[in-house]
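*Asks:* A single structure is presented below for examination.
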Amino acid sequence: MLLDTFGRTATDMRVSLTDKCNLRCTYCMPAEGLPWLASETLLTDDELVRLVRVAASMGVRTVRLTGGEPLIRPGLPGLVARLAEHVELSLTTNGLGLGRLAAPLHAAGLRRVNVSLDTLRADRFLALTRRDRLHDVVEGLAAAVTAGLSPVKVNTVLMRGVNDDEAGELLDWCLDLGYELRFIEQMPLDPEHVWDRGVMVTADEILTRLSKRHTLTPADDRGSAPAEVWLVDGGPARVGVVGSVTRPFCGTCDRIRLTADGQLRTCLFAREESDLRAPLRAGADDAELAERMAVAVRGKKVGHGIDDPSFLQPDRPMSAIGG
Ligand code: SAM
């Protein structure tokens, strides 16, 4: 078991498949100049499968593939098929490659997908992501439904003066098309370090805006899920809000993260990592890798510490941690 000293057990792992991305969202990556992880440091498929298998033997049951952009990893359906032998798999993506990959990924064993989409307006999409690809995301979402991935969720980060006026519109669009929308509070992980708690759009504010158009009633028990979920107009449609900053859920956190270069992190905001790649490549057996995971999880902090006056953003950008 991967148990920490605050009584939490890690059963969910975010696995980053690459730090590269084919969008450049302003709140996530700089336009250019971000140094990439050296290719020889990236875990191979065999190494990834091995670490996930060991994690599964220690109680990890679900894995969410992420990045960077996970769909740009070569040979992804083959990797998914191998991972699906050990864990239940979901994936977070910008949706650009889903038109091509949704069906083969579903056939390989992928169950669910979260697609990030912050605006329905092409000009804003271009300004926010620095790429003119809104139509590809919309097509990708439709392809995910056709392929049988379920549920298909949409992740939206609202930013004041950028897209916060679209909250209601995005919800109605998702309701129409059968996607489950999740609003995510913007976190201090931006490349320019200009995030400001006083300016960010809070969960309370999002709920107030949505309540002007719809009746929201709390849905079932949230468990360890990051999102608080509401039934929309009595259900069955639902909407979620991930209040990472103003409604932190560290007390029930069951997540750990594996970076594309084989570092285990116990929190998105951790400043320490445990190197699994070096022992793996030096010939460590499964027992040693499992022990290293257990030791890392025992060091997990009580909370992410965003509110602590001594809080510092992690050294790695979000794209290299795995969102
Ligand atoms: N490329 C994939 C995608 O677009 O979903 C996966 C990686 S991306 C880093 C994962 C999620 O992190 C996206 O939904 C993105 O909006 C979110 N994200 C990135 N930076 C963020 C920030 N500073 N605060 C909150 N969410 C952020």
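*Asks:* Can you name every residue in region 209-244 that is closer than 26 Å to L268 by Cβ and hydroxyl-bearing (S, T, Y)?
*Replies:* Within region 209-244, S224, S244 qualify.
*Asks:* Out of V245, V229, V241, I need the residue that is open to solvent by less than 40 Å² (accessible area, probe 1.4 Å) and in contact with a helix residue (DSSP H, G or I) (Cβ under 7 Å, 6 or more places away or on another chain). Which one?
*Replies:* Answer to the check: V241.
*Asks:* Within the set of pairs 6+ apart or on separate chains, which have a first residue in region 233-253 that is in contact (Cβ under 8 Å) with a residue 12 or more places away in the chain, a second that is within 16 Å of the ligand (Cβ to nearest atom) and part of a helix (DSSP H, G or I), and C-beta atoms under 6 Å apart?
*Replies:* Close Cβ pairs (under 6 Å, with a partner that is within 16 Å of the ligand (Cβ to nearest atom) and part of a helix (DSSP H, G or I)) amount to V241/A203; V241/I206; G243/A203; T246/A203; R247/A203.
*Asks:* Could we say that L128 is under 21 Å from P317 (Cα atoms), surrounded by 22 or more Cβ atoms within 10 Å (Cβ to Cβ) and out of contact with any helix residue (DSSP H, G or I) (no Cβ under 9 Å at 6 or more places or on another chain) here?
*Replies:* yes
*Asks:* Are any of the residues in region 72-82 buried (at least 18 other Cβ atoms within 10 Å of the Cβ) and in a loop (DSSP other than H, G, I, E, B)?
*Replies:* yes
*Asks:* Which residue is farthest from the ligand (Cβ to nearest atom), if the candidates are limited to region 40-85 and must be under 20 Å from L268 (Cα atoms) and touching a Lys or Arg at 6+ places or on another chain (Cβ under 6 Å)?
*Replies:* R64
*Asks:* Something else: Can you tell which of D190, D176, D164, D196 is modelled with pLDDT under 95 and either open to solvent by less than 30 Å² (accessible area, probe 1.4 Å) or away from the ligand (no atom under 14 Å from the Cβ) (or both)?
*Replies:* Within the list D190, D176, D164, D196, the selection yields D190.
*Asks:* Within region 143-161, restricting attention to residues that are open to solvent by 40 Å² or more (accessible area, probe 1.4 Å) and hydroxyl-bearing (S, T, Y), which residue is farthest from the ligand (Cβ to nearest atom)?
*Replies:* Per the stated criteria, the residue is T146.
*Asks:* When region 281-323 is examined, which residues are found to be acidic (D, E) and in a loop (DSSP other than H, G, I, E, B)?
*Replies:* Selection gives D285, D307, D308, D315.
*Asks:* Looking at region 1-17, can you tell me whether even one residue there is part of a loop (DSSP other than H, G, I, E, B), away from the ligand (no atom under 13 Å from the Cβ) and at pLDDT below 95?
*Replies:* yes
*Asks:* What's the number of the only condition in (1) surrounded by fewer than 23 Cβ atoms within 10 Å (Cβ to Cβ); (2) of a type outside the set (V, I, T); (3) within 10 Å of the ligand (Cβ to nearest atom) that L91 fails to meet?
*Replies:* (1)
*Asks:* Give the residue, chosen from T246, T252, that is β-branched (V, I, T) and in contact with an Asp or Glu (Cβ under 8 Å, 6 or more places away or on another chain).
*Replies:* Exactly one of T246, T252 is β-branched (V, I, T) and in contact with an Asp or Glu (Cβ under 8 Å, 6 or more places away or on another chain), namely T246.
The values are calculated or read from the model by the stated rules, or taken from the named source; none is laboratory data. For clarity, every value in this text was computed on a predicted model and none was experimentally measured. A quick note on method: Cβ atoms are made from the backbone with ideal geometry, for glycine too, and the neighbour counts reach across all protein chains shown. Only protein heavy atoms, including side chains, enter the accessible area calculation; ligands, DNA and RNA are left aside. Shrake-Rupley method; radii C 1.70, N 1.55, O 1.52, S 1.80 Å.
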